[in-house]
Structures are given as C-alpha cells and as structure tokens.
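Structure record follows, encoded as structure tokens.
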C-alpha cells in the first residue's frame, strides 16, 4: 500500500495547511524510511516480489510498539519544527496510520513487540491476496488525495501558480501507479 500511504499524507493538507506538503508525504512513510537502513544493515529484510507479495522481515520498524515509537518521534519532529500548528499530532497520526493500513494489507508478518519478542502471533489480514482490489483502492486514494489537494491549493494559494504543487503530486502518483502496473499478476 505504498501509494496509499503517500495519498493519506496528501489528503491531510486541508487540515494541516501550515505543514509543507513534503512532510505530509513523508510522515506516513517514516516507518519505511527507518526500515530501509535496517535492511541495509541486515537487521531487517526485504525480497522483492509481485505486487503485494514482497517478502518483508520488518519485525522492528513494523511492529506495533516500533510504530508507536516512530510515531512519538514524528510527534517530536512536528512540535520542534511546526510549533504554530498541531504539527506534532498530525505527523504522529500520519506516521502511525502506516501500521494501521499495513495491518489490513500485509500477510501475517507484523509483530506486536519489536523483534517479535515473546514469539507472539504475527498480524496481518492479507488483503494483498486481492491484488487488483488493493491496487484499485490505492489508485482511488491517489486520485482523491490529489483532488483534495487541488481544492485546497485553489482556495488557499495566491497567484496563478497554485496548480504547481498539485500537478507535481499528480505526476508523482502517476509514476508510482505506472511502476506498479507491471508488478500486478496476469489476469
């Protein structure tokens, strides 16, 4: 649900007008941004696969407790750099939304405690098994988020260049969507 995470961030621009769009795009991806260096260090693992069937060993960053810690870090970042808004709460909520969305789409590979301490059952409802449905949801989320952003920019941005940000976001989503199409299974 890579696109879906980004889309949720963009969709919040109207309720977070003082936060720059780049941080709204990144906040739902904080878990993945920390996951990548841990993969490089061999602490967590990733094997690419077809759409929705990548193999993840993300028992730290994508654990429930890990997600809460990362959300707390996002809260600190928001409060430090955007004191005049609810930046901390918004960034923390966006960051933690990653775990909630992943709970629905992931296969049972999400731990409760970091490193799956205690051997508790792994979580994930496995909606990735319905690749085309999840892909359609992601595309709908991207279109909706872009529409919300266009609506906000048109009303709030001054001048004739109000469309630049929304068009860059739309192009970004188009690239991500086009990149996922070849990864979908044959019909």
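The values are calculated or read from the model by the stated rules, or taken from the named source; none is laboratory data. Quick caveat: nothing in here was measured; it's all calculated off a predicted structure. Positions of Cβ are generated from backbone atoms using ideal geometry, with glycine treated the same way; all protein chains shown enter the neighbour counts.
Could you tell me whether residue 106 is surrounded by 17 or more Cβ atoms within 10 Å (Cβ to Cβ) and farther than 26 Å from residue 171 by Cβ? Spelling it out, residue 106 is indeed surrounded by 17 or more Cβ atoms within 10 Å (Cβ to Cβ) and farther than 26 Å from residue 171 by Cβ.
The residues on offer are 151, 108, and the sole one that is in contact with a strand residue (DSSP E or B) (Cβ under 9 Å, 6 or more places away or on another chain) and either assigned to a loop (DSSP other than H, G, I, E, B) or farther than 30 Å from residue 53 by Cβ (or both) is 108.
Yes/no matrix, rows are residues, columns are (1) surrounded by 20 or more Cβ atoms within 10 Å (Cβ to Cβ); (2) at pLDDT 90 or above; (3) more than 17 Å from residue 18 (Cβ to Cβ); (4) under 19 Å from the mean Cα position of the chain (by Cα):
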| residue | (1), (2), (3), (4) |
| --- | --- |
| 128 | yes, yes, yes, yes |
| 140 | no, yes, yes, yes |
| 148 | no, yes, no, yes |
| 161 | no, no, yes, no |
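Could you check residue 116 against (1) modelled with pLDDT of 95 or more; (2) in contact with a helix residue (DSSP H, G or I) (Cβ under 9 Å, 6 or more places away or on another chain) and say which number it fails? All conditions are met except number (2). Looking across region 23-63, just one residue is surrounded by 18 or more Cβ atoms within 10 Å (Cβ to Cβ), in contact with a strand residue (DSSP E or B) (Cβ under 8 Å, 6 or more places away or on another chain) and modelled with pLDDT under 95, and that is 56.
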